[in-house]
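Here the structure comes first, spelled out in structure tokens, and everything after it is commentary.
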């Protein structure tokens, strides 16, 4: 029998939607906090295959989600492209040198930096229950490029947006390098045991329609095409956070097998305007999960009601927040599975 989550990704609606949560392996779990403290930081944890595998499996062990997602980071690709990666306490990731003032061709590729991720995948695969689907992931090129250009995250991605307008050829070279490395990276994950992949485009919503077409849709379509040649039959979930009204074009033009919806998307609108039969994933507001109680129940019920005729994976609209009570996650699971 096919695993429930993979069945949905193949276009088959399940009576009870399978579920997993973005960032389900994370700081809201005491077992995660203990292991991260023991390892001394995020990068040390993410590049230790035994520890990263343990973190990946922790939420499966505790909650029995239908999907496990690899514990890693979207910035592994720029690290493999030759930038230095660091995670300072309380300040977020840093990449050096920032490409706003350093040429891409001055970087020396270090693809072996991805080897610990592949080792993690193999370890996780050996530990998962038989009905649990295993998801790998990568960052989408636009979002990854915003970090590579600025050297860090920003609220409006202004530096990278200016770069893309001022030097589209130079920016396009960065995008092309990310596309090529990402195809290799996702294929390596599949070769070691993942069964589906997700492309995270966390900053897709910061672009104008024309720039969205150029820097979100086209590069993601290139990844999907290249990945399918390497890994035929492995589903791809696209998650262009903030895309809003551009979601139908994204779904049609990228060729993804499913679309993730953030919490700002009306599920009724999505069901009306997305291609008929396309699987969707989402889209509970992470703050509704923190609120709990009747607010949580009502939000869950509205999402479930919108997708009664469409293949649906229940998830959040973005990552679970660190101060989320575990009891609320348990209530969410019970609500979805009793619907």
Could you tell me which residue of the stretch 7-38 is modelled with the lowest pLDDT, considering only residues that are farther than 29 Å from residue 287 by Cβ and part of a helix (DSSP H, G or I)? 38
So residue 293 fits all but one of (1) touching a helix residue (DSSP H, G or I) at 6+ places or on another chain (Cβ under 9 Å); (2) surrounded by fewer than 17 Cβ atoms within 10 Å (Cβ to Cβ); (3) on the phi < 0 side of the Ramachandran plot; what number is the exception? (3)
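Residue-wise test of (1) in a strand (DSSP E or B); (2) within 18 Å of the chain's Cα centre (by Cα).
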| site | (1), (2) |
| --- | --- |
| 121 | no, yes |
| 125 | no, no |
| 146 | no, yes |
| 155 | no, no |
| 169 | no, no |
| 174 | no, no |
| 187 | no, yes |
| 199 | yes, yes |
| 233 | no, no |
Just checking, which of 322, 311 is under 20 Å from the mean Cα position of the chain (by Cα) and closer than 21 Å to residue 7 by Cβ? 311
All but one of (1) over 17 Å from the mean Cα position of the chain (by Cα); (2) surrounded by fewer than 23 Cβ atoms within 10 Å (Cβ to Cβ); (3) in contact (Cβ under 8 Å) with a residue 12 or more places away in the chain hold for residue 205; state the number of the condition that does not hold. (1)
Please state which one of 90, 82 is part of a loop (DSSP other than H, G, I, E, B), without any contact (Cβ under 8 Å) to a residue 40 or more places away in the chain, closer than 26 Å to residue 289 by Cβ and over 20 Å from the mean Cα position of the chain (by Cα). 90
What are the residues in the stretch 58-79 that are over 17 Å from the mean Cα position of the chain (by Cα) and on the phi < 0 side of the Ramachandran plot, if any? 58, 60, 61, 62, 63, 79
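The values are calculated or read from the model by the stated rules, or taken from the named source; none is laboratory data. Quick caveat: nothing in here was measured; it's all calculated off a predicted structure. A quick note on method: Cβ atoms are made from the backbone with ideal geometry, for glycine too, and the neighbour counts reach across all protein chains shown.
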